[in-house]
Amino acid sequence: MDLKRGSRAEAWVRYGEELGFGPYYRDRATAGRTTPQQIGDGGNSTSDYVPATEAVTETMMAAPRKAPAQTPAAKQAHAAPIAPAIVTPNLAPSLFDASERIEGDTLPLIREFIGNCTRCKLHKTRTNIVFGTGNMKAELVFVGEGPGHDEDLKGEPFVGRAGKLLTQMIEAMSLKREDVYICNVVKCRPPENRLPERDEIATCSPFLYRQIDVIRPKVVCCLGACSAQTLLQTTQGISKFRGEWFDFRGSKLIATYHPAYLLRNPPAKSEVWKDLQKVMAVLGLQPKRK
Ligand code: SF4
């Protein structure tokens, strides 16, 4: 690492420590990866993110780390209706991979730890904390951006129009909503449905990491750019890596478009369906018969 890049990285580590985010910023020297960065188009659009400050560096613009290229045999198997697990690459630990799981952690403990949270400014305008819902042992976890109006009122993720579409997507995969786990990057609604800001994501996302660590799903499916960019530590637009597989804390991660985006752009549903079929192949699911 050159000196310029090193000093930037140190500044980010200090920033993370100030936010109480310390454990997630260890082993940076071995990570060879990106720093925490700003989040792009908010999880429900496909435009590339334009950084808002000069703090965004070339390292922060790095592409997300893909799962390794598959052999022809693996590709063939992946195309089959029931596909084997994807090969896990032997890569250096990432910023977040390097963090330790919390021994004995559970979803109720995480919720208890969050409490009546005032750690970031989103608490000022929320009605309810939207922690997450679904199967605590789910093989599939969907991660969205943050609660909207309906979710804020109800305290549950994805219960509005986009939520109904997500339910349809889940059922098309031959699953029920209660089979999967659904949560968001930030647990409180950003005012006027604006994008979560960098400090809000940095403060709240450790809860998400703990949730995923506890559930240990086979697949994490990011809905939209915000969750994908947060978990993959990239600022690339989601359209650049949508539908590709990545490794994330022992799970396979794939990003697809947010249901809210599909409501505005119905033709994109076919792309999302292709992504979901990849998820189904990994989970050994057959499409629902009509
Ligand atoms: Fe706390 Fe997260 Fe809500 Fe911010 S968004 S107040 S960190 S629960």
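The values are calculated or read from the model by the stated rules, or taken from the named source; none is laboratory data. The structure presented is a predicted model; accordingly, all values stated were derived computationally and were not measured. Reconstructed Cβ throughout: ideal geometry from the backbone, glycine too, with neighbour counts over all protein chains shown.
Kindly provide the set of residues from region 212-228 that are hydrophobic (A, V, I, L, M, F, W, C) and either part of a strand (DSSP E or B) or at positive phi (or both), ordered by number.
Matches in region 212-228: V219, V220, C221, C222, L223.
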### Query
Within region 169-184, how many residues are under 18 Å from the mean Cα position of the chain (by Cα) and either within 15 Å of the ligand (Cβ to nearest atom) or in a loop (DSSP other than H, G, I, E, B) (or both)?
3
### Query
Among the residues of region 185-209, how many are in a helix (DSSP H, G or I) and within 12 Å of the ligand (Cβ to nearest atom)?
11
### Query
For region 106-147, what are the residues that are of a type in the set (S, T, N, Q) and within 8 Å of the ligand (Cβ to nearest atom)?
T118
### Of residues in region 171-207 being touching a Pro at 6+ places or on another chain (Cβ under 6 Å) and among the β-branched types (V, I, T), the one nearest to A281 (Cα to Cα)
I182
### Summary
Taking first residues from region 109-133 that are at negative phi and part of a helix (DSSP H, G or I) and second residues anywhere that are modelled with pLDDT under 95 and more than 8 Å from the ligand (Cβ to nearest atom), the pairs with Cβ under 9 Å that are 6 or more apart or on different chains are L109/I102; I110/I102
### Query
Restricting the search to region 234-272, which residues are surrounded by fewer than 20 Cβ atoms within 10 Å (Cβ to Cβ) and assigned to a loop (DSSP other than H, G, I, E, B)?
Q236, G237, G243, E244, R249, G250, N265
### Message
Against the definition (surrounded by fewer than 19 Cβ atoms within 10 Å (Cβ to Cβ) and among the hydrophobic types (A, V, I, L, M, F, W, C)), how does M136 come out, yes or no?
### Response
yes
### Message
So, E151, is that one in contact with a strand residue (DSSP E or B) (Cβ under 9 Å, 6 or more places away or on another chain), in contact (Cβ under 8 Å) with a residue 60 or more places away in the chain and farther than 19 Å from D199 by Cβ or not?
### Response
no
